[in-house]
Amino acid sequence: QVQLVESGGRSVQAGDSLRLSCAASGSSYNYDMGWFRQAPGKEREFVGCISWNGGFIRYSDPVSGRFTISRDNAKFTMYLQMNSLKPEDTAVYYCAAGAFTNSPTESDFTAWGQGTQVTVSS
């Protein structure tokens with residue numbers, strides 16, 4: 001079973017950029033990966049995902065054009081580059097590993113990190 005640890009979350013101002021990392025250990029890294037977030041009082045929502053070889057990437061509409069997912073399989077690490085941050089991006093961000101097809105859902109991800117807090121002030 002893969003273990004995932006997120007890092008990089010902190011408090012920033014609106015318009016700032018931030019990069020989150022998700023380090024994997026404990027298993028092979030041939031997993032599809034994803035980012036999710038959960039804002040206070042809201043359900044966890046899909047942010048984006050990347051296939052095991054990086055050949056398929058998808059983003060949710062609220063972050064498309066501002067966020068970029070990448071991965072470095074040699075370092076067993078996935079990244080989430082977040083630009084033009086908005087207060088509504090404030091949430092706990094989770095990375096997850098699993099296997100998805102062309103329409104990934106939360107149930108496709110079987111391993112989850114503990115989350116990292118991102119707070120965006122106006």
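Of the solvent-accessible surface of the range 36-120, computed with a 1.4 Å probe over protein heavy atoms with every protein chain present, carbon and sulfur atoms account for 48 percent. The listed residues Ser64, Ser122 rank as Ser122, Ser64 when sorted by accessible area, largest first, using a 1.4 Å probe. Compactness of the range 2-54 is given as radius of gyration and Dmax, 13.3, 37 Å, from Cα positions. Here the range 52-122 was treated as a single set of alpha-carbon atoms; its pair distances binned every 5 Å from 0 give 3, 13, 22, 28, 21, 10, 3, 0 percent. Placing dummy labels 7 Å off each Cα toward the beta-carbon, the span from Val5 to Thr119 is 2.3 nm. The listed peptides 7-17, 81-91, ordered by packing as a protection proxy, come out as 81-91, 7-17 (highest mean of other Cβ atoms within 10 Å first). Solvent-accessible surface of the chain, averaged per residue with a 1.4 angstrom probe and all protein chains in place: 50 square angstrom. Note on Tyr31: accessible area approximately 50 square angstrom, rounded to 10, probe 1.4 Å, nucleic acids and ligands left out. Reducing the range 21-68 and the range 82-122 to their Cα centroids gives an inter-centroid distance of 6 Å.
Extending 7 Å from Cα along the Cβ direction at Ala23 and again at Arg66 yields two label points whose distance is 2.8 nm. Extension gain for Asn102-Trp52 works out to 16.7 nm (0.36 nm per residue, less the C-alpha to C-alpha distance). Heavy-atom accessible area for Val5, with the other protein chains in place and a 1.4 Å probe, reaches approximately 90 Å².
The values are calculated or read from the model by the stated rules, or taken from the named source; none is laboratory data. Everything numeric in this text was worked out from a predicted model, so none of it was measured. Positions of Cβ are backbone-derived with ideal geometry, glycine not excepted, and every protein chain shown enters the neighbour counts. Please note that ligands, DNA and RNA were not included when accessible areas were found on the heavy atoms of the full protein model with its side chains. Shrake-Rupley method; radii C 1.70, N 1.55, O 1.52, S 1.80 Å.
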